[in-house]
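Engineer: Shown below is the structure under consideration.
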Amino acid sequence: MYSGKTLSLKAIENGFAEINFDNQSGSVNKFNQETLGELREAVDILADTADIRGLLVTSGKSVFVVGADITEFTDMFSASKQVFLQGAQHANSIFSQIEDMPFPSVVAINGFALGGGFEVCLACDSRVIASNAAVGLPETGLGILPGWGGTVRLPRLVGFSTAVQWVTSGNQQKPEAALAAGAVDKVVAPEGLREASLALLAEHADGSRDYSARRTQKNSALSEAPEELSGLSDNFQAMIQGSAGNHYPAPLKVVELMTKAATVGRDEAISLENLAFYEISQTPQARALVGLFLNDQFIAKTAKGYGAALGEKLPPAAQAGVIGAGIMGGGIAYQNAVRGFPVVMKDIADPALELGINEANKLLGKSVKRGKLSEEGAAQILSKISPTLDDEAIANCDMLVEAVVELESVKKQVLPAIESQVSASATITSNTSTISINRLAESLARPENFCGMHFFNPVHAMKLVEIIRGEKTSDKTIAAVCNYALGLGKKPIVVNDCPGFLVNRVLFAMTFGLEILLKEGADFQQVDKVMEAWGLPMGPAYLMDVIGIDTIIHCYSSMIEGLPERYIKGDNWPTETIHNAGRLGQKNGLGYYKYELNEKGKPAKLVDAEAVALLESIAGPAQQVDADEIVDRLLISMAMEMVRCLEEGIVSSPAEADMALIYGVGFPAFRGGICRWMDEEGLQSIVDRGDKYTHLSELYRPTEKLRQMAAKGESFFS
């Protein structure tokens, strides 16, 4: 009857027709403009064909439809309101036409039916789902809301409260939960999905199972009274604001929309949804979160691309080795083991090995306690870690991570020793946060097989791994290490060697800004509160306590030595004063704050009069500063340093720059990253604000290229 590039329509047994989604140009089905166009053609043919008794909707892929094609969102968001609403109405009219056909429809859901994929399922009369499948409306995670009838049809099937919970959370729903809620009609084994779906369709077609009552329900207003809806709406909005605040407007918009749409019929409710979808799409959060999704895909593709560029498929590491146990080494060894890699953990002392194994054991114990692992499963994972004092134990390792103490002199002794013990083809990396990869490479006979591999602490929780390319690092080494990092479940971003690499170089531009601000008498507690309200997971003074004040001072010396034209330390800097008083942060319970273990055994942050007095001794009594100035004083220095990193080729793209900060330091996702933030603020505004504070530090000075971009009205993400 019809055959396109993404779906087909054919006549099948019993006078039924079948729409089968089967994208010929990809491994999954997505709703893009091409798919919608072909679905329109297929549905029009169905409407003009006589004697159809029922419609079966299926997928030819291992999943049903994973949702809309996010790559098309950028164009959609930049469209005029009229064009946007026309596009939304076009998709909705197709789904409503399926729902209004003069014969029943049943959809067979395999794999994932998400977003638009689930919305087309909701338009059908009945839904049969495989027991290993899942459904959901995840749009709020992208800063938007379902735009093809999901907020209209779901509450009419499962009730207002359940629908609001599903849509605002964006969570995927397993078959049993979907069946209990009424979102699907039957759960069957995957191998019986088609047969069960056809059987249900036959029952609808021969009248033994009614579907007209449900159609009436889906076209009508909800049964809840207006005052009941109002109360539920208030409760949901309070819960959302309590957990997410106002930084993420999409869930709040969903509650507002679904409350209004509950009192009207389907078509009017869909019109309300179209308008709300447009309004939320124009928010900076939507641009940021959609951009983040696309950037995440970009960095994964880029990481895989290093291997593809070699023209060969790289095998996974056969045997990993971690040299240097302890907390960091144990964390890296754990990450290898939990991802299925056998790993040798080598050190020169039993206490260090014991510390490393205890770190891995502690993490596995938490998974057992949470029910994610059995005791037997944890033991099997732990058995993949082979602790050893024997130098020869690493001889067969093809991927090695040196994780000894952060001292260049020590690393320059350890790295050649590793190189002498492994094969000439083995890849060696150094887990360093500050030491030049080029200088470390000087100690090696095969520097082409060497690069940096900067894991962030705690290793199991932090997604980012900076892959640092040295001047002599080969493309094959970069490809192999990216492949290894992806295998560990990490987000690898390749950067070129420089002081602080990428993340720390940019982060310390912010903390240097903090030092200057505090030296002028600003209140570090106010600064932390302002920056946390802005969206950072922790304020900068608190962050330094968590990292370790001694670590910060050590890193400062690297930045001052490496980039002396901008990183200039003044006298009696606040963090230096804190450090000189023997305060190391959380590790000894005293830093900018003091720390005591709470009932969960975690360090709780408390105000400490001694720390306040220390700062008053160099800057006088603390003063309150305008919140906007605090944000500018910390972020503009950070932004300018990231601009320099881009211009110098330390990082290759704004997408990688943004994702490095999001995954490395928790830059707020709803801001999209530092480059996205600069775009939203406007580059001319960023330049002007940089000029305002250049007299305080060269860290604030805009580059000439940035001035040119601003003058031309350009942005990082066009």
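The values are calculated or read from the model by the stated rules, or taken from the named source; none is laboratory data. Predicted, not measured: the structure shown is a model, and the values here were computed from it. Backbone-built Cβ (ideal geometry, glycine too); neighbour counts: all protein chains shown.
Engineer: Consider residue 111 against the criteria (1) under 28 Å from the mean Cα position of the chain (by Cα); (2) modelled with pLDDT of 95 or more; (3) surrounded by fewer than 23 Cβ atoms within 10 Å (Cβ to Cβ); (4) over 30 Å from residue 668 (Cβ atoms): it satisfies all of them except one. Which criterion is unmet?
Structural biologist: That leaves (2) as the condition not met.
Engineer: Regarding residue 324, is this residue on the phi > 0 side of the Ramachandran plot and either free of Cβ contacts under 8 Å to residues at least 12 places away in the same chain or assigned by TED's automatic domain parsing to the domain that holds residue 400 (or both)?
Structural biologist: Working: on the phi > 0 side of the Ramachandran plot: yes; either free of Cβ contacts under 8 Å to residues at least 12 places away in the same chain or assigned by TED's automatic domain parsing to the domain that holds residue 400 (or both): yes.
When the stated conditions are applied, residue 324 passes them.
Engineer: Every residue in region 572-626 that is acidic (Asp, Glu) and either outside any strand (DSSP E or B) or under 20 Å from residue 519 (Cα atoms) (or both), please.
Structural biologist: Correct list: 576, 599, 608, 610, 616, 626.
Engineer: Inside region 362-377, can you point out the residues that are within 27 Å of the chain's Cα centre (by Cα) and either at pLDDT below 90 or polar (S, T, N, Q) (or both)?
Structural biologist: Residues of region 362-377 that are within 27 Å of the chain's Cα centre (by Cα), as a first pass: 362-373.
Passing the criteria: only 367.
Engineer: Just checking, which of 373, 364, 400 is of a type outside the set (D, E, K, R) and in a loop (DSSP other than H, G, I, E, B)? Give the steps one after another, and end with the answer.
Structural biologist: On the way: 364 fails: in a loop (DSSP other than H, G, I, E, B); 400 fails: in a loop (DSSP other than H, G, I, E, B).
Matching residue, one of 373, 364, 400: 373.
Engineer: What are the residue pairs meeting all of these: first residue in region 492-510, first residue more than 16 Å from residue 556 (Cβ to Cβ), second residue of a type in the set (S, T, N, Q) and surrounded by fewer than 24 Cβ atoms within 10 Å (Cβ to Cβ), Cβ atoms under 7 Å, and 6 or more apart or on different chains?
Structural biologist: Filtered contacts from region 492-510: 497/436; 497/438.
Engineer: Being assigned to a helix (DSSP H, G or I), at pLDDT 95 or above and in contact with an Asp or Glu (Cβ under 8 Å, 6 or more places away or on another chain): is that true of residue 193 here?
Structural biologist: Values: assigned to a helix (DSSP H, G or I): yes; at pLDDT 95 or above: yes; in contact with an Asp or Glu (Cβ under 8 Å, 6 or more places away or on another chain): no.
Against the criterion (assigned to a helix (DSSP H, G or I), at pLDDT 95 or above and in contact with an Asp or Glu (Cβ under 8 Å, 6 or more places away or on another chain)), residue 193 does not qualify.
Engineer: Let me ask something else. Go through region 1-29 and count every residue that is hydroxyl-bearing (Ser, Thr, Tyr), touching a Ser or Thr at 6+ places or on another chain (Cβ under 9 Å) and not in a loop (DSSP other than H, G, I, E, B).
Structural biologist: Residues flagged as hydroxyl-bearing (Ser, Thr, Tyr), touching a Ser or Thr at 6+ places or on another chain (Cβ under 9 Å) and not in a loop (DSSP other than H, G, I, E, B) within region 1-29 amount to 1.
Engineer: A follow-up question, please. Taking the condition of being assigned to a loop (DSSP other than H, G, I, E, B) and of a type in the set (A, V, I, L, M, F, W, C), how many residues in region 107-139 meet it? Write out each step before concluding.
Structural biologist: Restricting attention to region 107-139, the residues satisfying the condition of being assigned to a loop (DSSP other than H, G, I, E, B) are 110-111, 115, 124-125, 131-133, 137-138.
Add one more test, that the residue is of a type in the set (A, V, I, L, M, F, W, C), and what stays is 124, 133, 137.
Here the count works out to 3.
Engineer: In region 159-187, what residues are over 21 Å from residue 123 (Cβ atoms) and surrounded by fewer than 21 Cβ atoms within 10 Å (Cβ to Cβ)? Full working, then the answer.
Structural biologist: The first filter runs over region 159-187 and keeps only residues over 21 Å from residue 123 (Cβ atoms), leaving 161, 165, 168-169, 171, 174, 176, 180.
If the condition is that a residue be over 21 Å from residue 123 (Cβ atoms) and surrounded by fewer than 21 Cβ atoms within 10 Å (Cβ to Cβ), then 161, 165, 169, 171, 174, 176, 180 are the ones that fit.
Engineer: Name the one entry in 513, 539, 591 that is touching a helix residue (DSSP H, G or I) at 6+ places or on another chain (Cβ under 8 Å) and not assigned by TED's automatic domain parsing to the domain that holds residue 668. Please lay out each step first, then the result.
Structural biologist: On the way: 513 fails: not assigned by TED's automatic domain parsing to the domain that holds residue 668; 539 fails: not assigned by TED's automatic domain parsing to the domain that holds residue 668.
Step by step, each of 513, 539, 591 is checked, and only 591 is touching a helix residue (DSSP H, G or I) at 6+ places or on another chain (Cβ under 8 Å) and not assigned by TED's automatic domain parsing to the domain that holds residue 668.
Engineer: Is there any pair linking a residue in region 658-685 that is free of Cβ contacts under 8 Å to residues at least 40 places away in the same chain to one that is among the hydroxyl-bearing types (Ser, Thr, Tyr), with Cβ under 7 Å and at least six apart or on different chains, and which?
Structural biologist: Sorted first by the residue in region 658-685, then by its partner, the pairs are 679/715; 683/715.
Engineer: If a residue must be in contact with a Phe, Trp or Tyr (Cβ under 9 Å, 6 or more places away or on another chain) and without any contact (Cβ under 8 Å) to a residue 40 or more places away in the chain, how many such residues does region 686-706 contain?
Structural biologist: Qualifying residue count, region 686-706: 2.
Engineer: Touching a strand residue (DSSP E or B) at 6+ places or on another chain (Cβ under 6 Å) and closer than 26 Å to residue 73 by Cα, is that true of residue 136?
Structural biologist: When the stated conditions are applied, residue 136 passes them.
Engineer: In region 198-219, how many residues are within 22 Å of residue 156 (Cα to Cα) and either assigned to a helix (DSSP H, G or I) or small (Gly, Ala, Ser) (or both)?
Structural biologist: Matching residues across region 198-219 total 11.
Engineer: Which residue, of 445, 424, 417, is assigned to a helix (DSSP H, G or I) and either farther than 26 Å from residue 663 by Cα or free of Cβ contacts under 8 Å to residues at least 60 places away in the same chain (or both)?
Structural biologist: Among 445, 424, 417, only 417 is assigned to a helix (DSSP H, G or I) and either farther than 26 Å from residue 663 by Cα or free of Cβ contacts under 8 Å to residues at least 60 places away in the same chain (or both).
Engineer: Report, by residue number, each residue of region 30-66 that is crowded, with 17+ Cβ neighbours inside 10 Å and assigned to a loop (DSSP other than H, G, I, E, B).
Structural biologist: Passing the criteria: 30, 32, 52, 61, 63, 64, 66.
Engineer: Can you confirm whether region 140-152 contains a residue that is out of contact with any Ser or Thr (no Cβ under 6 Å at 6 or more places or on another chain), outside any helix (DSSP H, G or I) and surrounded by fewer than 24 Cβ atoms within 10 Å (Cβ to Cβ)?
Structural biologist: No: zero hits.
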